[in-house]
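Heads up, the thing below is written out as structure tokens.
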Amino acid sequence: MSDKMSDKKIILPGGSGFLGHALSSFLLQHNYQPIILTRGPDQPATSTQPQHIHWDALTTNGHWPQSLDGAFALINLTGRTVNCRKTPRHKKEILESRTLSTQALARAWRMVPNPPKIWLQTSTAHIFGDTHDEFLDENSPIGAGFAPDVGTAWEKSFTDANLPNLRSIILRISFVLGDPKFPGAVLATLARLTKCFLGGHTSTGRHFISWIHITDLCHIILRALRGGDPTMQGIYVITSPNPVTNKEFMQQLRSALHRPWSPPIPKPLIHLGAFLIRTDPELAMYGRRCVPTRLLSEGFQFQFPTLPEALHNLLT
């Protein structure tokens, strides 16, 4: 890779959240220049923090489109959290925050004379729907329901742009295990409940959780930026090779936090708890069993392939 700064500039729309915080720090450590597009105010870069540029995530108004000019890659992380009650208003926000922002980025891409040659578009493993124990990978059919509909529209807003001379990669990301100290991190919530002896499995506990350690996610993105062998392009399921049931996940979490057995949480209590913390009970009751077939076939080596390794790294 060239040492020119243009070969190091990475644009991160939506990069001020959980994933963007971890990824921007990782990219800085690997001598890239991340620039975060945020709804907040402009902020200059410091020795430890990337530059922030204001955008509205809907239009090309303002000066943010020029940040794409000469950039090496764009990694689109934009999207309203799904950790909320699925009211009609929230559903609309979840969908439009993904589709309209992607469309705005595509328009900006066409506006600049030297746009990025690599675009990593985040998507979701929820696109497969809520399934039982069948294995799901890049060749599996799309599911039915709100989450699959959002995932499909999200990806379509990207592919319909049909941008020329672009290496495009769609990352269908599963549940990311990261820093439990980050505000709003799901692992932090689960750890807090488990420490309070409320770490039992939910419902039957037989639904699968597909997960990935944040470090492995960052290394997958780094591999995509560097080209890999073979060059990464198209759809990838981003998950560890070892999905587990909800029952096993909670067993391993209790073990990592040195907590004893906890009673399972039945559906009525799940609904009550979800109401109290203003989230969707289905997030705790349904799942899918995804495997990263393409990554494994291309020789990617996971640093944290099993759940005990991942939880030990993050929680101890």
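The values are calculated or read from the model by the stated rules, or taken from the named source; none is laboratory data. Here the structure is a predicted model, which means the values were calculated and not measured. Virtual Cβ from ideal backbone geometry, glycine too; neighbours counted across all protein chains shown.
Summary table below
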| read-out | value |
| --- | --- |
| Identity of the residue in the stretch 280-313, within 23 Å of His207 (Cα to Cα) and of a type in the set (Phe, Trp, Tyr), that ends up surrounded by the most Cβ atoms within 10 Å (Cβ to Cβ) | Phe304 |
| Candidates Arg294, Arg259, Arg254, Arg278 - the one that is modelled with pLDDT under 95 and either under 29 Å from Thr215 (Cα atoms) or in a loop (DSSP other than H, G, I, E, B) (or both) | Arg278 |
| Of the criteria (1) surrounded by fewer than 19 Cβ atoms within 10 Å (Cβ to Cβ); (2) modelled with pLDDT of 95 or more; (3) part of a helix (DSSP H, G or I), which one Thr194 fails | (1) |
| Count - residues of the stretch 207-251 that are surrounded by fewer than 23 Cβ atoms within 10 Å (Cβ to Cβ), assigned to a loop (DSSP other than H, G, I, E, B) and touching a helix residue (DSSP H, G or I) at 6+ places or on another chain (Cβ under 8 Å) | 3 |
| Selection status of Asp42, surrounded by 12 or more Cβ atoms within 10 Å (Cβ to Cβ) and either over 16 Å from the mean Cα position of the chain (by Cα) or modelled with pLDDT under 95 (or both) | yes |
| Check on Leu225, within 30 Å of Pro34 (Cβ to Cβ) and in contact with a strand residue (DSSP E or B) (Cβ under 8 Å, 6 or more places away or on another chain) | yes |
| Residues located in the stretch 281-298, provided they are small (Gly, Ala, Ser) and in contact with a strand residue (DSSP E or B) (Cβ under 8 Å, 6 or more places away or on another chain) | Ala284, Gly287 |
| Residues satisfying the stated conditions in the stretch 104-127, i.e. farther than 18 Å from Leu217 by Cβ and either free of Cβ contacts under 8 Å to residues at least 40 places away in the same chain or crowded, with 16+ Cβ neighbours inside 10 Å (or both) | Ala104, Leu105, Ala106, Ala108, Trp109, Pro115, Pro116 |
